[in-house]
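Working notes for the structure below.
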Amino acid sequence: MKNSEVVQILNNIADILELQNVPWKPQAYRKAAQAIETLAEDVEEIWKRGELEKIPSVGEHIAAKIEEYLKTGKLAYYNKLKKEIKINLEELKGIPALGPKKIKLLYQKLGVKNLKDLETAIKRQKVQKLAGFGEKTEQALAEGIRFIKTKPKRFLYASALPIVNTFLKTFRTYPFIQQIEVAGSFRRGKETVGDLDFLAVSSQPEKVMHAFTTMKDVKEILARGMTKSSIRLGNGLQIDLRVVNDKQFGSAMNYFIGSKEHNVELRKLALSKGYTLSEYGLFTLREKKWIAGKTENDIYQKLGLQYIEAELRENHGEIAAAQKKKLPDLITVKDLRGVFHNHTTWSDGNNSLLEMAQKAEELKLKFISFNDHLGPIGITNPLTEKRLAGYLKEIENVRKKVGIRVFSGVEIDILKDGTLPLSAKRLKELDVVIASVHLAIKMPAAEMTQRVCSAMEKYPINILGHPTDRKLNERPPLNLNLDRVFEAAKKNNIFLEINGSPSRMDLSGENVWNARAAGCRFAISADAHAVSHLPFYHLGVNMARRGWLEKKDVLNCWTLEKIEKMLKR
Ligand code: DGT
Ligand code: CA
Ligand code: CA
Ligand code: ZN
């Protein structure tokens, strides 16, 4: 369960080394961090099997550092580096718009060591006078500080995932536990979770509570009771666990999956039918006779409803739809034939075209779409019109070596003025054109909306990439009038991306819901920058389900012939 701690330490080491102008090493640490971030398995399990070096991008040296940390809970090298730089890097890095380079300048020129120093410097308008900063940057930093101060930090679904998997796996081996499941926002597939909620069935709750509160990753016991306890892990994540009996399990799951708003509506419906519903079960109002509670299905059935999938339970019309038996037939991971939006060493990815295609084949996908960056995105090695020929030639070669369909394409920048840095004619030579906003992200809503819509009007675009450009816990979405964007996408037959990259999850489930209502269609992508990122499309499926999508709404689920026909512009 230490994956996110290890990732954080490796990233911090990379940052410190970068501050110290050490060449190469930062990149190595960053790549290793990236690989561990995307593991679906507990890194400790891998270490116990002696297989740390089998993790992509983890070599002998970094494996030894990880081992030291897992064994002792400390890392001497990291502590030494931290002493050397004197800066509270973690705190400063948390501020949107502040990277290692700027942190370094702020320290060297103004002696900024932490958030408080930075706030003081901004107040005295010292930051805007630094070379390479200016008034706009100072303003952006001030806004960034406000953003992190007002937004409570929530955990990414993707970093909670290995914790949930390990927890369930471990607790399912205990003979005193008959059943255990995860509930709460995680079960609803939300892109971030405030805490994790588990429910267990056991006739020996005391043993469950003991096992739970004495897990080795527990940093703090927040509450300890006979049938419910809460703990906090070393990485700050809170976990609640409750024990119930078999007869209550369904009603307890229903209650603790939530959302609260769904629960409230469901209770109202129960009352209107002469029942009361609580975490203990469904009872008749007058005689308090037990009606249902063993399974969620029983409860929904007794209330005259179709079973409502957890992702739909946001009080967004799901109860009314379930009454009319009109719930959507939600897509599942298995419905996706392939995945869009993947980067390779042709731009800022870590793996070659061939490695990525082979991995996609291994994952039993039927197609992969390559969309390396083209445009002035601020990476060292973007595609250019000149390099395009070589890129397409190599894609042609890859096609001969794998048994799946390989789509050629780019992810092209939507420039400030709404133009793209490649002509419509050249774009049409590619199978899949994704257009995204990356630069100049601070614009008033009217301008930003105009920029995006004008690109969609004028160019042969297939997919609008990460439409809001939000980064969870990092930066807010673009100033966009989404209704107008959805309208332009529908009119020009452009698919909206559901980007499954853990900190993006863009569009969000709620945005997907609105876009679907506006008549839009969607493409699910991994935005993979390494083979280990390809499974990110699973996270995109969460957003799609939260947005009520069926197979017909999602390009990835169509037959290859239909996809090809659709992509022709
Ligand atoms: P989170 O943890 O902020 O990501 O969101 P949830 O939905 O997991 O919320 P949490 O952990 O506070 O509670 C889990 C579920 O328990 C929640 O989804 C619905 C249920 N619940 C909690 N408090 C209440 C309440 O006051 N009323 C009702 N009806 N349900 C509640
Ligand atoms: Ca929760
Ligand atoms: Ca909770
Ligand atoms: Zn992008």
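The values are calculated or read from the model by the stated rules, or taken from the named source; none is laboratory data. In this text the structure is predicted, and so the values were computed from the model without any measurement. As a convention, Cβ positions derive from the backbone with ideal geometry for all residues, glycine included, and neighbour counts pool all protein chains shown. The accessibility values were calculated without ligands, DNA or RNA, using every heavy atom of the protein model including side chains. Shrake-Rupley method; radii C 1.70, N 1.55, O 1.52, S 1.80 Å.
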Please specify each residue of segment 279-312 satisfying the condition of being away from ligand 3 (no atom under 16 Å from the Cβ), open to solvent by less than 30 Å² (accessible area, probe 1.4 Å) and not in a loop (DSSP other than H, G, I, E, B).
281, 282, 284, 292, 296, 299, 300, 311, 312
Filter segment 492-550 for residues that are open to solvent by less than 30 Å² (accessible area, probe 1.4 Å) and among the aromatic types (Phe, Trp, Tyr); the one that is farthest from residue 368 (Cα to Cα) is 548
Out of (1) closer than 28 Å to residue 144 by Cβ; (2) free of Cβ contacts under 8 Å to residues at least 40 places away in the same chain, the one residue 468 does not meet is (2)
Apart from one, (1) surrounded by 17 or more Cβ atoms within 10 Å (Cβ to Cβ); (2) among the aromatic types (Phe, Trp, Tyr); (3) modelled with pLDDT of 95 or more all hold for residue 176; the odd one out is (1)
Residue count, segment 187-196, condition near ligand 2 (Cβ under 7 Å from one of its atoms) and open to solvent by less than 20 Å² (accessible area, probe 1.4 Å), comes to 2
What helices (runs of 4 or more DSSP H) lie completely within segment 1-49 and have 2 or more residues being within 18 Å of the chain's Cα centre (by Cα) and crowded, with 21+ Cβ neighbours inside 10 Å?
3-19, 25-37
Listed by range, strands (runs of 3 or more DSSP E) wholly within segment 172-240 having at least 1 residues that are within 17 Å of residue 161 (Cα to Cα) and aliphatic (A, V, I, L, M) are 179-182, 196-201, 228-233
Answer yes if at least one residue in segment 378-397 is touching a residue at least 60 places away in the same chain (Cβ under 8 Å), assigned by TED's automatic domain parsing to the domain that holds residue 521 and away from ligand 2 (no atom under 16 Å from the Cβ), and no otherwise.
yes
Note on residue 234: of the conditions (1) free of Cβ contacts under 8 Å to residues at least 60 places away in the same chain; (2) away from ligand 1 (no atom under 15 Å from the Cβ), unmet is (1)
Which of the numbered conditions does residue 153 fail, given that it passes all the others? Conditions: (1) in contact with a helix residue (DSSP H, G or I) (Cβ under 9 Å, 6 or more places away or on another chain); (2) within 12 Å of ligand 1 (Cβ to nearest atom).
(1)
Is at least one residue of segment 177-186 over 25 Å from residue 159 (Cα atoms) and not assigned by TED's automatic domain parsing to the domain that holds residue 498?
yes
Tally time: how many residues in segment 486-534 are away from ligand 1 (no atom under 16 Å from the Cβ) and either of a type in the set (A, V, I, L, M, F, W, C) or modelled with pLDDT under 95 (or both)?
26
Go through segment 362-376 and give me each residue that's open to solvent by less than 70 Å² (accessible area, probe 1.4 Å) and more than 10 Å from residue 338 (Cβ to Cβ).
370, 371, 372, 373, 374, 375
State all residues of segment 124-160 that are closer than 30 Å to residue 2 by Cα, part of a helix (DSSP H, G or I) and in contact (Cβ under 8 Å) with a residue 24 or more places away in the chain; if no residue qualifies, say none.
144, 145, 147, 148, 157, 158, 159, 160
For segment 77-90 the number of residues that are touching a Lys or Arg at 6+ places or on another chain (Cβ under 9 Å) and either open to solvent by 60 Å² or more (accessible area, probe 1.4 Å) or under 24 Å from residue 38 (Cβ atoms) (or both) is 5
Which members of segment 456-504 meet the condition of being among the acidic types (Asp, Glu) and under 20 Å from residue 551 (Cα atoms)?
497
For segment 166-185, give me each residue that is of a type outside the set (Gly, Ala, Ser), touching a helix residue (DSSP H, G or I) at 6+ places or on another chain (Cβ under 6 Å) and either within 20 Å of residue 3 (Cα to Cα) or within 13 Å of ligand 1 (Cβ to nearest atom) (or both).
182
Residues of segment 444-477 that turn out to be touching a helix residue (DSSP H, G or I) at 6+ places or on another chain (Cβ under 7 Å), at pLDDT below 95 and open to solvent by less than 50 Å² (accessible area, probe 1.4 Å), as a count:
0
